[in-house]
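**Q** Handing you this structure, nothing more for now.
Just so it is clear, none of the values below were taken in a lab; they were calculated from the coordinates. Note that the structure is predicted; figures quoted are calculated from it, not measured. Glycine also receives a Cβ, built like all others from the backbone with ideal geometry; neighbour counts cover every protein chain displayed.
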Amino acid sequence: MREVRSSANPEAVFTYGAPPLKFGPGASAEIGYDLGQLGARRVLVVTDPGVAATGHPARIAGQLAGLGLDARVYDGVHVEPTDRSLAAAAEYARASGPWDAFVAVGGGSSIDTAKAVNLMVTNPGDLMDYVNVPVGKGGAPAHPLKPLIAVPTTTGTGAESTTICVLDVLAQQVKTGISHPRLRPALAVIDPELTLSQPAGVTAAAGMDILCHALESYTARWYTTYEHKRPEERVPYCGSNPVSDMWSEKALGLLARSFTTAVRDGGSRQARSDMAMAATFAGMGFGNAGVHIPHACAYPIAGRARDFRPPDYPGTGPLVPHGMSVALTAPAAFRFTFAAAPDRHLRAAALLAPGADPPADPAEALPAALLRLMRDIGLPGGVAAVGFTEADVPDLVAGALQQQRLLATSPCPVTAEDLAGIFSRSMELW
Ligand SMILES: NC(=O)c1ccc[n+]([C@@H]2O[C@H](COP(=O)([O-])OP(=O)(O)OC[C@H]3O[C@@H](n4cnc5c(N)ncnc54)[C@H](O)[C@@H]3O)[C@@H](O)[C@H]2O)c1
Ligand SMILES: [Fe+2]
């Protein structure tokens, strides 16, 4: 049995936070009304060029203008934001502001950019003052932010409900985040109709992000295994708990029903709606419980991408999309964590692949379900297929070790050697 985490002075309290939510086809046609309720007059719509080309951001800005609001579209978001792209977006917002509110229309890249812009125009200092330690200084915003309405167009990150902004710090070749309750959007508007135009490759990668959010939060160390905290020490990620479990389990059921269909038949409204709901549910789960090894390993894979160009991500440079980078080490990671929480791994496998024949070794149930799905939806067959070799493993391990906030959420302790094994076993998945 792998060592399970425990504490001498165990925590007894868990927390749960989420924004108000509007869900359903047509929900994005009501944003003008919602902004009126927030008292906003000047509104910046934040998006990326690919989403701008779908016409959704212009349609939403037009709706606001029709209600007498002063709305402008910023479409300069970088797909998978960097410290440089966030600074440029903040500079645009400063020069064209002041703004009363922000509306992010897009995937995690647009929503996270709007969070960073909002932080930078309402608080002093530099982005790195707020980036998680050890990469940045990990400071807390002293002032409240402006209202942000987050309107996801991918079915993936759950960024519309989380307190997190993920960015690539170029000089350090590392992906990391800013995390603070003040970053949480004031309202999440989830309109599955906006996700119909998502290309198959984006649906596959973003869907693996949902799946890993659900699986990692479901298998995260239980909240009472942490040290007891004082109220001012509480962080958004408190470990798995009865409320986050409920969201994660529901998300897994929806993914089992509709993930493959959404990739193969993007016009299926039923599958798109299920995926949008799964993304939201998993966001509610992981946004409170936390994620662990696959996300910690994903950040160096994405941060050190050299020449891999994923299908369906036009106009971007070399990139391993977030969901893809998370998925690649997930089978090996869940094989590694199995012994720390066998029942949870088995239940997750049963929810994801109901009716599948149980393998001889129970530790293989969840990895097998993941591998079947990844092949089915056309993901690359391992870390080697996105441009890495065994010689990169020490570098990848060093990058993953920087994600201590995430590794601390693993149900069992993780050493550098464990991570090296996980990366090596993820080089060729099939
Ligand atoms: N804040 C959080 O809680 C959180 C959680 C997980 C991931 N992330 C971050 O989010 C980013 C990834 O976000 P994502 O996976 O949602 O994708 P994305 O925002 O990076 O978009 C991916 C691609 O899909 C296109 N696209 C998006 N919606 C479309 C639509 N409806 N029709 C046509 N094209 C569309 C975009 O133009 C882009 O080319 C990463 O930077 C990741 O680190 C954030
Ligand atoms: Fe993620």
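**Q** With a 10 Å Cβ neighbour count serving as the proxy for reagent exposure, in which order, fewest first, do LYS229, LYS146 appear?
**A** Listed from fewest to most nearby Cβ atoms, that is LYS229, LYS146.
**Q** Something else about it: Cα gyration tensor of region 308-373, axes a ≥ b ≥ c as square roots of the eigenvalues: rounded (a/c below 1.5), prolate (a/b > b/c) or oblate?
**A** Cα axes put region 308-373 in the prolate bin.
**Q** Now for a different question. Given +1 on the Cβ of Lys and Arg, -1 on the Cβ of Asp and Glu, and no further charges, what dipole in debye does region 1-130 carry about its Cα centre, rounded to the nearest 20?
**A** 240
**Q** If you don't mind, there's one more thing I want to ask. Suppose every K and R has +1 on its Cβ and every D and E has -1 on its Cβ; what is the size of the dipole of the chain about the Cα centre, in Debye to the nearest 20?
**A** Dipole of the chain, to the nearest 20 debye: 580 debye.
**Q** What residue among ALA200, ALA40, ALA142 has the largest mean-square fluctuation in a Gaussian network model of the chain, using Cα springs under 10 Å?
**A** Ranking ALA200, ALA40, ALA142 by mean-square fluctuation puts ALA142 first.
**Q** Shifting gears a bit: Tell me which DSSP H helices of the chain clear both cut-offs, 27 Å or more of axial length from alpha-carbon atoms and a mean Kyte-Doolittle hydropathy of at least -1.0.
**A** 200-219, 242-264, 269-289
**Q** Percent relative contact order of the chain, based on C-alpha pairs within less than 8 angstrom and at least six residues apart?
**A** Rounded, it is 17 percent for the chain.
**Q** Here is a follow-up. Quick one: plug the Kirkwood hydrodynamic radius of the chain (C-alpha pairs) into Stokes-Einstein at 10 °C, 1.306 mPa s, and report D in µm²/s.
**A** Reported coefficient: 74 µm²/s.
**Q** Here's something else I'd like to know. Compute the distance in nm between two label points, each set 7 Å from the Cα along the Cα-to-Cβ direction, one at ASP126 and one at ALA53.
**A** Placing both labels 7 Å along Cα→Cβ, they lie 3.5 nm apart.
**Q** Hey, another quick one. Going by how many other Cβ atoms sit within 10 Å of their own, how do HIS78, HIS143 line up, fewest first?
**A** HIS143, HIS78
**Q** From the Cα gyration tensor of region 338-427, with a ≥ b ≥ c the square roots of its eigenvalues, which class applies: rounded if a/c is under 1.5, or else prolate if a/b is larger than b/c, or else oblate?
**A** It comes out oblate by the Cα gyration axes.
**Q** Sort the following peptides by mean Cβ neighbour count (other Cβ atoms within 10 Å, averaged over residues), highest first: 161-167, 12-18.
**A** Packing order, densest peptide first, comes out as 161-167, 12-18.
**Q** Which value, in debye to the nearest 20, describes the size of the charge dipole of region 304-430 about its Cα centre when Lys and Arg Cβ atoms bear +1, Asp and Glu Cβ atoms bear -1, and nothing else is charged?
**A** The dipole magnitude comes to about 300 debye.
**Q** For region 200-425, build the charge dipole from Cβ charges (+1 Lys, Arg; -1 Asp, Glu) around the Cα centre, then report which of TYR223, ALA360, PRO394 sits farthest towards its positive end.
**A** TYR223
**Q** State the answer as a single residue: which of GLY108, THR82, GLY97 lies farthest towards the positive end of the charge dipole of region 26-190, with beta carbon charges of +1 for Lys and Arg and -1 for Asp and Glu, about the Cα centre.
**A** Value computed over the given set: GLY97.
**Q** Using a Gaussian network model of the chain whose springs link C-alpha atoms within less than 10 Å, name the residue from ALA356, ALA420, ALA90 with the highest mean-square fluctuation.
**A** The residue with the greatest mean-square fluctuation here is ALA356.
**Q** What is the order of THR154, THR389, fewest Cβ neighbours within 10 Å to most?
**A** In order of increasing Cβ crowding within 10 Å: THR389, THR154.
**Q** Continuing with the same structure: Cross-link list LYS115/LYS175; LYS22/LYS137; LYS175/LYS250; LYS175/LYS229; LYS22/LYS115; LYS22/LYS229: which exceed 25 angstrom alpha carbon to alpha carbon?
**A** LYS22/LYS137; LYS175/LYS250; LYS175/LYS229; LYS22/LYS229
**Q** For the chain, set up a Gaussian network in which alpha carbons nearer than 10 Å are linked by springs, and say which option among GLU232, GLU249, GLU30 fluctuates the most.
**A** Greatest mean-square fluctuation among the candidates belongs to GLU232.
**Q** Something else now. In whole Å, what is the distance between the alpha-carbon centres of region 370-401 and region 147-184?
**A** Their Cα centres are 23 Å away from one another.
**Q** How charged is the neighbourhood of THR409? Take every other residue with its Cβ under 10 Å from the Cβ of THR409, and add Lys/Arg as +1 and Asp/Glu as -1.
**A** For residues surrounding THR409, the net value is +2.
**Q** For region 200-425, with the dipole built from +1 on Lys and Arg beta-carbon atoms and -1 on Asp and Glu ones, taken about the Cα centre, which of GLY266, ALA350, ALA296 lies farthest toward the positive end?
**A** Projecting each Cα onto the dipole axis, the largest value belongs to GLY266.
**Q** If a/c stays under 1.5 just call it rounded; otherwise compare a/b with b/c (prolate if a/b is bigger, oblate if not). Do that for region 200-425, with a ≥ b ≥ c from the square roots of the Cα gyration tensor eigenvalues.
**A** Note, shape of region 200-425 comes out rounded.
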